[in-house]
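Accompanying notes for the structure given below.
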Amino acid sequence: KVVVVGSYNQDHVWQVDRFPQPGETRRGGGFRTGPGGKGFNQAIACVRQDVTTAFVGARGHDALGDGAAALAEAEGLTGCWQVREDVPTGTAAILVEASGQNQIIVDLAANERLDPDFLCTQSALFADARVLLAQLENNLDATRTALQLGGEHELIRVLNPAPVHPDLDADLLGLADVLTPNESEFAQLCARFLDTEVATDDVATLDDERLHALCRQLCGGSVVVTLGRHGSFVSHGDARRGDEAACYRVAAETVKAIDTTGAGDAFCGALVAGLADERVTRFADAVRHAGRVAALSTERAGAATAMPRRDEVVARFG
Ligand code: ADP
């Protein structure tokens, strides 16, 4: 079982031929709205790999929040919502360019008010779980409490450090057993915590030794850097347990990407599903399956609703 503590946002998506410049108005088209938020997307990706998944998050007392709760139930997520009377459900505006690139503005609203004390009341959910997954789309105290509860229950704690929060501290990173930054998040973490400037566009082409060394310094645990169409880089091993560290790359699958929104979320959700599945004995196999789920997700528009199911992934890639 996996516990995901995270965010729910209602996505509002428009297609554009190219992103507007500051002050420019451009016409968009193809409007659609649907469920999103890093935490919720990752929880849906996980439960669709046929792994029992609990989602814990905050929503407003409003129509968008009611829709979120109904969808969670329909997808088979267990867990619990904190319903806030004082703030709306989170929302996001997403522009998708013809190239498949995206730009996003998010109003976290209720997600930022997820109460650490509420999480403590839900600690029974952690008792029979194997993996905890959190991101940085709530407030840092809630994320910290989630990771601490995960530690108390001896879960594998996975932190997707996204988006990098301005007040993120090294102690919080140190609570994770596995970190999953994308290239931009990795570059930001290197600048913030290692005083090392790496351009986002250069991350994928850094040599393995250098990437491995940076990952080792970032967190005591394993680091999986997702590299978009270049796949992922894994720096594996927990220095705090005296593990021997190893590093390797996992190539991306060849797909026709039309919308990369949520590729990272598909990856994280499927990765924790693999880590929770006793039949998956090697970390590298969980990473490979995650890359396949993420690749397939880019062939579909949407975030949570675009998450591929396990049987679809097996049918496509074996
Ligand atoms: P994010 O969505 O957070 O920016 P990435 O772009 O790094 O995350 O994508 C996450 C994972 O999704 C990658 O590690 C890769 O496995 C897969 N992926 C993303 N884009 C593509 C693509 N164009 N082709 C194949 N796989 C992709």
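The values are calculated or read from the model by the stated rules, or taken from the named source; none is laboratory data. Model, not experiment: these values are computed from the prediction. All Cβ positions, glycine included, derive from the backbone under ideal geometry; neighbour counts span all protein chains shown.
For A146, are the conditions met, namely being surrounded by 16 or more Cβ atoms within 10 Å (Cβ to Cβ), at negative phi and out of contact with any Asp or Glu (no Cβ under 8 Å at 6 or more places or on another chain)? So A146 fits the description; yes. Of all the residues in the range 237-270, those that are modelled with pLDDT of 95 or more, more than 18 Å from the chain's Cα centre (by Cα) and not hydrophobic (A, V, I, L, M, F, W, C) number 5. Condition first: in contact with a Lys or Arg (Cβ under 9 Å, 6 or more places away or on another chain) and under 15 Å from V131 (Cβ atoms). Now tell me which residues in the range 278-298 satisfy that. Across the range 278-298, the qualifying residues are E278, H289. For the range 173-231, the candidate set comprises residues that are hydroxyl-bearing (S, T, Y) and more than 24 Å from A146 (Cβ to Cβ); within that set, the residue that is surrounded by the fewest Cβ atoms within 10 Å (Cβ to Cβ) is T205. Per the conditions (1) loosely packed, with under 14 Cβ neighbours inside 10 Å; (2) at pLDDT 95 or above, the sole criterion not satisfied by F283 is (1). Return the pair list, or none, for Cβ contacts closer than 6 Å from residues in the range 175-190 that are more than 19 Å from N102 (Cβ to Cβ) to residues that are in a helix (DSSP H, G or I) and away from the ligand (no atom under 14 Å from the Cβ), at least 6 apart or on different chains. That search, which allows pairs on different chains as well, returns L175/L147; L189/L218; C190/L214. A Cβ distance below 7 Å, combined with a sequence gap of six or more or placement on separate chains, defines the contacts here; from the range 285-313, residues that are free of Cβ contacts under 8 Å to residues at least 40 places away in the same chain reach residues that are part of a loop (DSSP other than H, G, I, E, B) in the pairs A286/V280; R292/E253. A Cβ distance below 7 Å, combined with a sequence gap of six or more or placement on separate chains, defines the contacts here; from the range 222-240, residues that are at positive phi and within 15 Å of the ligand (Cβ to nearest atom) reach residues that are of a type outside the set (D, E) and modelled with pLDDT of 95 or more in the pairs G231/R249; G231/V250; G231/A251; G231/A252; G231/G291. Taking first residues from the range 92-105 that are assigned to a strand (DSSP E or B) and partners that are away from the ligand (no atom under 12 Å from the Cβ) and charged (D, E, K, R), the Cβ contacts under 7 Å between residues at least 6 apart in sequence or on separate chains come to A92/D11; I94/D11; E97/R18.
Within this structure, F118 passes the test of being within 24 Å of T89 (Cβ to Cβ), of a type in the set (F, W, Y) and either under 14 Å from the mean Cα position of the chain (by Cα) or modelled with pLDDT of 95 or more (or both).
Just one of the listed residues (V56, V51, V87) is modelled with pLDDT of 95 or more, hydrophobic (A, V, I, L, M, F, W, C), assigned to a loop (DSSP other than H, G, I, E, B) and in contact with a Gly (Cβ under 7 Å, 6 or more places away or on another chain), and it is V87.
How many residues does the range 111-123 contain that are part of a helix (DSSP H, G or I) and free of Cβ contacts under 8 Å to residues at least 60 places away in the same chain?
The qualifying residues number 6.
For the range 178-205, the set of residues classified as acidic (D, E) and in a loop (DSSP other than H, G, I, E, B) consists of D195, E197, listed by residue number.
Just one of the listed residues (R310, R292, R279) is away from the ligand (no atom under 12 Å from the Cβ) and in contact with an Asp or Glu (Cβ under 7 Å, 6 or more places away or on another chain), namely R310. Would you mind finding the one in R27, R59, R18 that is within 18 Å of L114 (Cβ to Cβ), of a type in the set (D, E, K, R) and either touching a helix residue (DSSP H, G or I) at 6+ places or on another chain (Cβ under 8 Å) or more than 15 Å from the ligand (Cβ to nearest atom) (or both)? Among R27, R59, R18, only R59 is within 18 Å of L114 (Cβ to Cβ), of a type in the set (D, E, K, R) and either touching a helix residue (DSSP H, G or I) at 6+ places or on another chain (Cβ under 8 Å) or more than 15 Å from the ligand (Cβ to nearest atom) (or both). Considering only residues in the range 94-125 that are under 18 Å from T78 (Cα atoms) and aliphatic (A, V, I, L, M), the one that is nearest to the ligand (Cβ to nearest atom) turns out to be L114. Just a yes or no: is a residue in the range 156-174 in a strand (DSSP E or B), within 16 Å of the ligand (Cβ to nearest atom) and within 27 Å of V51 (Cα to Cα)? Yes: one or more hits.
Within the range 247-269, is even one residue more than 8 Å from the ligand (Cβ to nearest atom), surrounded by fewer than 19 Cβ atoms within 10 Å (Cβ to Cβ) and aliphatic (A, V, I, L, M)? Checking the range 247-269: at least one residue is more than 8 Å from the ligand (Cβ to nearest atom), surrounded by fewer than 19 Cβ atoms within 10 Å (Cβ to Cβ) and aliphatic (A, V, I, L, M).
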